[in-house]
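I have placed the structure first, in the form of structure tokens, so that the comments after it can refer back to it.
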Amino acid sequence: MSVNQFHTLIDRHSIACRIRELGAKISNDLKGTSLYLVPVMDGGMIFAADLMREITLPVKLRPVKASSYGSGTSSTGRVTLPWGLPEDIEGQQILLIDDILDTGLTLKSLREKLLEAEANSVKTCVLMRKESAAHLDADYVGFDIPDYFVIGYGLDLDGLHRNLPDIMHNPSES
């Protein structure tokens with residue numbers, strides 16, 4: 001599939017504006033605390049980097065590598081954690097950050113594991129939530145989108161296109 005088949009779903013300016021709003025809301029909701037930001041790598045990396053600059057609270061960064069997709073475009077139904085869980089999270093306020101809420105499997109699994117590791121609390125923040133996942137909980141959601149396969153702004157197709165500044169979809173697959 002060629003990137004030329006993809007069209008802009010959410011442009012970079014809309015993304016930046018929404019991230020400023022999310023950062024302000026998180027900072028207000030959690031004022032008086034410090035946060036451990038736990039971005040889900042690799043897809044959540046760009047979103048987390050931009051979001052952390054908009055949060056006015058003291059933050060520490062503790063990335064986690066997790067995946068339920070492998071090399072395809074749909075979930076395998078199983079979450080892998082090749083790096084394990086971040087260290088020293090016991091008693092901490094965690095903000096778990098991911099690029100997209102689709103099946104909910106990754107966030108649910110990570111949230112449970114972080115609480116089992118005795119994090120004080122775990123809030124979740126996703127850049128996008130697919131329409132089919134509207135029933136799934138996330139504390140902070142950037143955009144609700146149709147059930148498209150999307151690339152760009154951290155999201156990939158076989159490891160490529162994460163560097164695109166806009167979120168793109170292929171209209172012929174809609």
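The values are calculated or read from the model by the stated rules, or taken from the named source; none is laboratory data. Predicted model only: the values in this text are computed from it and were never measured. Positions of Cβ are generated from backbone atoms using ideal geometry, with glycine treated the same way; all protein chains shown enter the neighbour counts.
Here's the yes/no breakdown for (1) in contact (Cβ under 8 Å) with a residue 60 or more places away in the chain; (2) within 20 Å of LEU157 (Cβ to Cβ); (3) among the β-branched types (Val, Ile, Thr):
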{"residue": "ASN4", "(1), (2), (3)": "no, yes, no"}
{"residue": "ALA16", "(1), (2), (3)": "no, no, no"}
{"residue": "ARG20", "(1), (2), (3)": "no, no, no"}
{"residue": "THR33", "(1), (2), (3)": "yes, no, yes"}
{"residue": "ALA48", "(1), (2), (3)": "no, no, no"}
{"residue": "GLU54", "(1), (2), (3)": "no, no, no"}
{"residue": "LEU61", "(1), (2), (3)": "no, no, no"}
{"residue": "LYS65", "(1), (2), (3)": "no, yes, no"}
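Only a single item in (1) at pLDDT 95 or above; (2) over 25 Å from THR33 (Cα atoms) is not met by TYR148, and it is number (1). Number of residues in the stretch 149-172 that are surrounded by fewer than 18 Cβ atoms within 10 Å (Cβ to Cβ) and hydroxyl-bearing (Ser, Thr, Tyr): the value is 1.
Just a yes or no: is a residue in the stretch 120-138 surrounded by fewer than 22 Cβ atoms within 10 Å (Cβ to Cβ), of a type outside the set (D, E, K, R), at pLDDT below 95 and at positive phi? There is no residue in the stretch 120-138 that is surrounded by fewer than 22 Cβ atoms within 10 Å (Cβ to Cβ), of a type outside the set (D, E, K, R), at pLDDT below 95 and at positive phi. For the stretch 115-142, the set of residues classified as in contact with a Ser or Thr (Cβ under 8 Å, 6 or more places away or on another chain) and touching a residue at least 40 places away in the same chain (Cβ under 8 Å) consists of TYR140 only. PRO39 meets all of the listed conditions (1) free of Cβ contacts under 8 Å to residues at least 60 places away in the same chain; (2) surrounded by fewer than 19 Cβ atoms within 10 Å (Cβ to Cβ) but one, namely (2). Residues in the stretch 135-159 that are closer than 20 Å to VAL122 by Cα and outside any loop (DSSP other than H, G, I, E, B): TYR140, VAL141, GLY142. The conditions of being within 20 Å of SER34 (Cβ to Cβ), in contact (Cβ under 8 Å) with a residue 60 or more places away in the chain, of a type in the set (A, V, I, L, M, F, W, C) and not in a strand (DSSP E or B) are not met by LEU95.
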